[in-house]
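Asker: Would you mind keeping the following structure in view while I ask a few things?
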Amino acid sequence: MDAQDDLSDPQALITNPALSANNPNNPQMTAGMTFLGQFIDHDITFDPTSSLERQVDPEQIANFRTPTLALDNVYGSGPMGSSHLYDQSPAGRGIKFLVEEIPGSGSPPRFDVPRNSQDTALIGDPRNDENLIVSQLHLAFLRFHNAAVDHVETELGMSGSPPDEIFTEAQRIVRWHYQWILIHEFLRLTCGEPVVDDVLNNGRKFYKWRHEPFVPVEFSVGTYRFGHSQVRPSYRPNFTGATGGGQLFQFTFKSVANHNTPEEDDLSGSARRPWRFIDWRTFFNFGDGNSRPNKKIDTVLSSPLFALPQTVVPHPSASASPASLAQRNLLRHLTFSLPSGKRVAQAMASQVSGITPLSDGDFDDLVPHGLQNRAPLWFYVLREAAVAENGERLGPTGARIVAEVFIGLMQGDDKSFLTQEPDWRPFLPTVDASIHGHDFSMIDLLRFAGVA
């Protein structure tokens, strides 16, 4: 098989190290962290109105998602306001989520988010059906809630309580365990433990608000786009396909020419077919040697991200959004008139020790000579991670912004565990802590939800 054939083979892109020479793997993070980061982003941000080209005042941007890390993207407006998301049968009582079995997926049966006759997902945020992996992650949270309802009734002795009280307690359990994972697994891996501990113990230096928490544009348009560099060109979604025979390997996206409808040769969302389920052993470390890493945080993007399908174009007009993700990021930077990455780093360095702005030489040949000081924030953060942390986590500027925003959003939410019970600890079952090093992590959530 020659190199060109390898590049057209989704399995080879995973198993042949030579094909990753210019886009190396990250030994510190598994592939699932990329999509957990996308899921978290959808929990705090949703703006269906803004255009990449339209000049707008960042102070006037309306965020239609409450930035509280409270799983609004899953719960919608709750059983009363979003009743179509909930199972109204006697078994569900309107407090469990609807989930659907995938026809022909074999035994044991596999499940999907609920869909209408046109395969449109009936979920709290349509963006969570953008690709198969985040769609199945959304399903995991639906089933995590349903398992929490059972736990409240059987283990906490509330089986005779009114349904709304059972729902409220189950929702609190789900939200707090999710918030714990966000801080003690996602942030610690992404930002580094010293930065997270400093923000928790010594407070935030930059992310502050006068009236209520918000999502700053430096975060949403700049820093938090680091996850794009972690995306792999292909993934192994499961080990058994639809009939139990052989591992399944798929490209992240199809070729541009065939982007109009999801087909069986990619991981697009908005479809239901027998093989479209996720075996989470590839994406998170269950200790069996099957997990795979995501890519390093650096200025290298996987090739599919330069030809995005229309299914992930965030605006009605495809012409309003370039197919290249790099172009989109640059356009956002210009639209929102963000300061350069170096200017942000210099401002932060004057207030926090450990932040040293990159030098011109740190950009090598990545930026034309004389323009290093004008590198966009999103690009600067990627390069900083590569220079300062070998791409294994964010560098000091990016890490500080991400950690302060996430922790600040929780501290600004009067229902989060950081606000109500800062000393709270997870109590749902966990596996051997030596596997993942945390009291409750994604593998525990997936096991409890019954999807792993």
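Just so you know, all these numbers are worked out from the coordinates, no wet-lab data involved. Because the structure is predicted, anything quoted here is derived from the model rather than measured. Using ideal geometry, Cβ is built from the backbone for each residue, glycine included, and neighbour counts are taken over all protein chains shown.
Asker: Hey, can you rank 396-407, 133-144 by average C-beta count inside 10 Å, highest first?
Answerer: Highest mean packing first, the order is 396-407, 133-144.
Asker: Arrange MET33, MET348, MET80 by Cβ neighbour counts within 10 Å, fewest through most, would you?
Answerer: Going from sparsest to densest Cβ surroundings: MET80, MET348, MET33.
Asker: Count charges around ASP119 for me, please; just the other residues with Cβ under 12 Å from its Cβ, Lys/Arg as +1, Asp/Glu as -1.
Answerer: It works out to a net charge of +1.
Asker: So if we plug the beta-carbon distance of ASN22 and SER107 into 1/(1 + (r/R0)^6) with R0 = 45 Å, what FRET efficiency do we get, rounded to 0.05?
Answerer: Once the sixth-power term is evaluated, E becomes 0.60.
Asker: A follow-up question, please. Explain nothing, just the number: dipole magnitude of the range 3-449 about its Cα centre with +1 on each Lys and Arg Cβ and -1 on each Asp and Glu Cβ, in debye rounded to the nearest 20.
Answerer: Using Cβ point charges on Lys, Arg, Asp and Glu, the range 3-449 gives about 580 debye.
Asker: Could you tell me which of rounded, prolate or oblate describes the range 145-191, using a ≥ b ≥ c as the square roots of the eigenvalues of the alpha-carbon gyration tensor, with rounded for a/c under 1.5 and, failing that, prolate when a/b is larger than b/c and oblate otherwise?
Answerer: In terms of gyration-tensor shape, prolate.
Asker: Hey, if you put +1 on the Cβ of every Lys and Arg and -1 on every Asp and Glu Cβ in the range 3-449, which of TYR235, PRO103, ASN285 ends up farthest toward the positive end of that dipole?
Answerer: TYR235
Asker: Just to check, using Stokes-Einstein with a Kirkwood Rh over alpha carbon pairs, what's the diffusion coefficient of the range 3-449 at 10 °C and 1.306 mPa s in µm²/s?
Answerer: D, rounded to a whole number, is 70 µm²/s.
Asker: Straight-line reach from LYS208: which lysines have a Cα under 20 Å away, not including same-chain ones fewer than 8 places off?
Answerer: Cα-Cα hits under 20 Å: LYS415.
Asker: Have a look at the DSSP beta bridges in the range 3-449 and tell me what percent are antiparallel, nearest 5.
Answerer: 90
Asker: So how much slack lies between HIS211 and SER337, counting 0.36 nm per residue of separation and subtracting their Cα-Cα distance, in nm?
Answerer: Separation in residues times 0.36 nm, less the Cα-Cα distance, equals 43.0 nm.
Asker: On to the next question. Exposure proxy check: ILE278, ILE95 ranked by fewest other beta carbons within 10 Å?
Answerer: Lowest count first: ILE95, ILE278.
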